[in-house]
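A.B. asks: Here it is: the structure, laid out below.
The values are calculated or read from the model by the stated rules, or taken from the named source; none is laboratory data. None of the values given here were measured: they were computed from a predicted structure. Positions of Cβ are generated from backbone atoms using ideal geometry, with glycine treated the same way; all protein chains shown enter the neighbour counts.
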Amino acid sequence: MSLVDLSARELLDRFASSDPTPGGGSAAALSGACGAALVAMVASMAKTRTGLPEERERLETALRWAREAGSRLRTLVDEDTEAYDSVVAAYRLPKATDGEKAARKGAIADALGRATDVPLRTAEACLVVLKAAQEAAAHGNPNAVSDSRTAAMMAWAGLVGAAENVRINAGAPGEANAGLLEQVARATTEGRSILESLGLL
């Protein structure tokens, strides 16, 4: 069963258990997905800030961004857990012979690559939610501006949490990881700029 198909109570209990998964990466994706859901709510409201047709168009765009990113983030909740479980499984492979050691090393590298890619995609999706929340706050129902701002903060939490997972799974800085770390740094910088524009930082 998918983690997002559990009840809220069951999912929180899973996070609270001593098992390493679901962990921070899944929580980051879930936070971003919650933010996306809030943006979708605001963008779907009939009332806009001023009632101008242009605002409805902006909100329709924000709604599309939120739905697409939210769908990706719901999937990433499970993907992050699966990626970490693969890392654990790779480290548990036998290493008695040179052949086993080589196979284990390759499996670990592959698993860590996936465990880095998944939170990177989470960070990028959370950035899309932040942009959608910015639009919703600017053009949506003024009575729901707190919902848009809450959505932005949830997406920011998801972005920062995902960035932490990218950094730890990428390991020591080097040419192989430089591009990944640069991508997540750019996403974090852009996300921070959006929060500052909303007066949230």
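A.B. asks: Determine which single condition Gly161 fails, assuming it passes every other condition in (1) in a loop (DSSP other than H, G, I, E, B); (2) within 19 Å of Ala69 (Cα to Cα); (3) among the small types (Gly, Ala, Ser).
C.D. replies: Result: Gly161 fails condition (1) only.
A.B. asks: To continue, here is another question. Out of (1) of a type outside the set (Lys, Arg); (2) without any contact (Cβ under 8 Å) to a residue 60 or more places away in the chain; (3) in contact with a Leu (Cβ under 9 Å, 6 or more places away or on another chain), the odd one out for Leu93 is which?
C.D. replies: The number of the failed condition is (3).
A.B. asks: Please determine whether any residue of region 122-143 is over 15 Å from the mean Cα position of the chain (by Cα), assigned to a helix (DSSP H, G or I) and hydroxyl-bearing (Ser, Thr, Tyr).
C.D. replies: Scanning region 122-143 turns up no residue that is over 15 Å from the mean Cα position of the chain (by Cα), assigned to a helix (DSSP H, G or I) and hydroxyl-bearing (Ser, Thr, Tyr).
A.B. asks: Give just the number: which of (1) out of contact with any helix residue (DSSP H, G or I) (no Cβ under 7 Å at 6 or more places or on another chain); (2) over 14 Å from Gly25 (Cα atoms); (3) not aliphatic (A, V, I, L, M) does Thr75 not satisfy?
C.D. replies: Of the numbered conditions (1) out of contact with any helix residue (DSSP H, G or I) (no Cβ under 7 Å at 6 or more places or on another chain); (2) over 14 Å from Gly25 (Cα atoms); (3) not aliphatic (A, V, I, L, M), the odd one out for Thr75 is (2).
A.B. asks: Go through the residues of region 93-108 one by one and say whether even a single one is within 19 Å of Gly191 (Cα to Cα), assigned to a helix (DSSP H, G or I) and in contact with a helix residue (DSSP H, G or I) (Cβ under 6 Å, 6 or more places away or on another chain).
C.D. replies: no
A.B. asks: Of all residues in region 59-68 being of a type outside the set (S, T, N, Q) and under 15 Å from Ala136 (Cα atoms), which is surrounded by the most Cβ atoms within 10 Å (Cβ to Cβ)?
C.D. replies: Restricting to residues being of a type outside the set (S, T, N, Q) and under 15 Å from Ala136 (Cα atoms), the top hit is Ala66.
A.B. asks: While we're on this one: Quick check on Arg149: is it modelled with pLDDT under 95 and either within 19 Å of the chain's Cα centre (by Cα) or surrounded by 24 or more Cβ atoms within 10 Å (Cβ to Cβ) (or both)?
C.D. replies: The answer is no for Arg149.
A.B. asks: Of all residues in region 1-58, which are surrounded by fewer than 13 Cβ atoms within 10 Å (Cβ to Cβ), part of a helix (DSSP H, G or I) and of a type in the set (A, V, I, L, M)?
C.D. replies: Correct list: Ala8, Leu12, Ala16.
A.B. asks: More than 25 Å from Ala170 (Cα to Cα), in contact (Cβ under 8 Å) with a residue 12 or more places away in the chain, in a helix (DSSP H, G or I) and charged (D, E, K, R): is that true of Arg64 in this structure?
C.D. replies: no
A.B. asks: Working carefully through the options Thr97, Thr116, find the one that is over 17 Å from the mean Cα position of the chain (by Cα), more than 28 Å from Arg58 (Cα to Cα) and hydroxyl-bearing (Ser, Thr, Tyr).
C.D. replies: Only one candidate passes the filter, namely Thr97.
A.B. asks: With the checklist (1) over 18 Å from Ala157 (Cα atoms); (2) at pLDDT 95 or above; (3) of a type outside the set (Lys, Arg); (4) buried (at least 22 other Cβ atoms within 10 Å of the Cβ) in hand, flag the one item Leu93 doesn't pass.
C.D. replies: For Leu93, the exception is condition (4).
A.B. asks: Please indicate, with yes or no, whether at least one residue in region 178-185 is within 26 Å of Ala40 (Cβ to Cβ), buried (at least 16 other Cβ atoms within 10 Å of the Cβ) and either within 20 Å of the chain's Cα centre (by Cα) or modelled with pLDDT of 95 or more (or both).
C.D. replies: Yes, the conditions are met somewhere in region 178-185.
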